[in-house]
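Okay, structure first, notes after.
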Amino acid sequence: MMSTSPPSPSHPARRTEVLAAGAAAVTVVLWASAFVAIRSAGTAYSPGALALGRLLAGALTLGVIWAVRREGWPPRSAWRGIGTSGVLWFGFYMVVLNWGEQQVDAGTAALVVNIGPILIALLGARFLGDAMPPRLLAGMAVSFAGAVTVGLSMSGDGGSSVLGVVLCLLAAVAYAAGVVAQKPALGRASALQVTTFGCLVGAVLCLPFAGQLVSEAAKAPVSATLNMVYLGVFPTALAFTTWAYALARTTASRMGATTYAVPALVVLMSWLALGEVPGPLTLTGGALCLAGVAVSRSRARSARVVAAAPQPEQTRESA
């Protein structure tokens, strides 16, 4: 008599992995598009006003979705991570990054900010116990080499300043610390809850820039304001939620490495949207970024074989 073996436990795990990878891909594409939008909005809005406008648009969008879904308030145990990530990543990071990009050329900014994934890996290993397998380290090394190549190829003539480099460095540190703080909160609250209230915390932190936002919005061209709203709805509300969804299902180190695809996509989007034709060095750097992400997210063949192998109980039942 034949007996049917139960479904392999690897199937739900594989589905979760695919969904998390898809969410990460949405995040990376939208964050890359943010660089193009910031270039437009940043000509009419100061760093603090742009950050506040973006966060208000994001908080409003997320608040409506949160209310419709009736997800309720995050548990008290999640608020420490939500508050810390809200202050560091949603608030401080956005202001200093906007400010830094006004002081240095795009290549230097991209180069300095891209130490963030390395910091995430180090902080994740120290505070979250994240593993750092050889493939992750190798992929990060390849991607960082690509980011350096893209940064050098995009650097302008004398477009850097000490202040700008320091601001971009602070942005990278705030980004890494915010991600590591957010990870434990995602074990206690949903991705939507963590993102909604983190964005709200960041908006409250940026309220001192409200006067600047009002005065600049009255004079800004419609295109700049629409880009600011776009930044809030898509790269903030949607992309930070898909990021949180993926982060809850993988390690902070691996998610950080995924963002190395951003420079490559920025090069492509700038080419298509702004007519900025990349040179051979830029294209090479972008290819290295993508190759490194592929390596960092891959698994060793032996690990796949172990995951797919039936458990002893299943083997006995199907005998």
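The values are calculated or read from the model by the stated rules, or taken from the named source; none is laboratory data. These figures come from a predicted structure and were not determined experimentally. In this analysis, Cβ positions are derived from the backbone assuming ideal geometry, glycine residues included, and neighbour counts consider all displayed protein chains. With ligands, DNA and RNA removed, areas are computed over all heavy atoms of the protein, side chains included. Shrake-Rupley method; radii C 1.70, N 1.55, O 1.52, S 1.80 Å.
Of the residues in the stretch 113-139, how many are over 16 Å from VAL180 (Cβ atoms) and either touching a Leu at 6+ places or on another chain (Cβ under 8 Å) or open to solvent by less than 60 Å² (accessible area, probe 1.4 Å) (or both)? Working first, answer last.
Here is the first cut: in the stretch 113-139, the residues over 16 Å from VAL180 (Cβ atoms) are 113-114, 133-135, 137-139.
Add one more test, that the residue is either touching a Leu at 6+ places or on another chain (Cβ under 8 Å) or open to solvent by less than 60 Å² (accessible area, probe 1.4 Å) (or both), and what stays is 113-114, 133, 138-139.
Going through the stretch 113-139 one residue at a time, the tally reaches 5.
Applying the criterion of being free of Cβ contacts under 8 Å to residues at least 24 places away in the same chain and not β-branched (Val, Ile, Thr) to the residues of the stretch 193-248, the residue that is surrounded by the most Cβ atoms within 10 Å (Cβ to Cβ) is LEU226. The residue pairs whose first member lies in the stretch 110-137 and is among the aromatic types (Phe, Trp, Tyr), whose second member is open to solvent by less than 20 Å² (accessible area, probe 1.4 Å) and assigned to a helix (DSSP H, G or I), and whose beta carbons are closer than 6 Å, counting only pairs six or more residues apart or on different chains, are PHE127/VAL180. Taking the criterion of being within 28 Å of GLN103 (Cα to Cα) and either touching an Asp or Glu at 6+ places or on another chain (Cβ under 9 Å) or crowded, with 24+ Cβ neighbours inside 10 Å (or both), the residues of the stretch 176-192 that qualify are ALA176, GLY178, VAL179, VAL180. The one condition from (1) more than 20 Å from LEU186 (Cα to Cα); (2) open to solvent by less than 60 Å² (accessible area, probe 1.4 Å) that LEU56 does not meet is (2). For the stretch 97-156, please list each of the helices (runs of 4 or more DSSP H) lying entirely inside it that holds at least 3 residues being at pLDDT below 80 and over 19 Å from the mean Cα position of the chain (by Cα). Result: 134-154. The residues in the stretch 59-70 that are in contact with a helix residue (DSSP H, G or I) (Cβ under 9 Å, 6 or more places away or on another chain) and exposed (fewer than 15 other Cβ atoms within 10 Å of the Cβ) can be counted, and the count is 1. Taken over the stretch 64-93, the criterion of being part of a helix (DSSP H, G or I), within 16 Å of THR241 (Cβ to Cβ) and not β-branched (Val, Ile, Thr) is satisfied by TRP66, ALA67, ARG69, ALA78, GLY81, SER85, GLY86, TRP89, PHE90. Filtered by the rule that a residue be outside any helix (DSSP H, G or I) and of a type in the set (A, V, I, L, M, F, W, C), the stretch 32-55 gives a lone residue, ALA44.
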